[in-house]
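Laboratory data are not the source of any read-out in this text; all were calculated from the coordinates shown. Quick caveat, the model's predicted, so the values are computed rather than measured.
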Amino acid sequence: MATLMNFMGKEEVIHYDSKIQELHGNQGSKARKLVRDKLVQDNGDGTYRILPIQGYNVSEYRVDWMAQSCTCQYNTTKGLVCSHLIAVRIFRGGTE
Ligand SMILES: [Zn+2]
């Protein structure tokens, strides 16, 4: 039973890793869409408003560029770079 548990635990980790990579790929295309659709707005004080993608979500998020933080669940709960932060980076003339 212990062996089975270990095996399953390992599988879970591998699955988790590939899922994160997939999320990263999606983050990039979502970020490009945010910029393309002009959903990134400069507040002029180092923070940015990220307007919702129509038909995709309804929440508006706020990115603090200096703090590299975002109010979305993805960033606040996992501490990972979200599509909103990537979108602001592209918006500011950087790359993904
Ligand atoms: Zn975010």
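General observations
- Amide H within-cut-off set for residue 69, under 5 Å, with H built and near neighbours excluded: 64
- Rounded to whole numbers, the Karplus 3J(HN,Hα) couplings from phi for the stretch 41-52 are 10, 7, 7, x, 10, x, 10, 9, 9, 10, 7, x Hz, using 6.51 cos²θ - 1.76 cosθ + 1.60 with θ = phi - 60°, and x at Gly and Pro.
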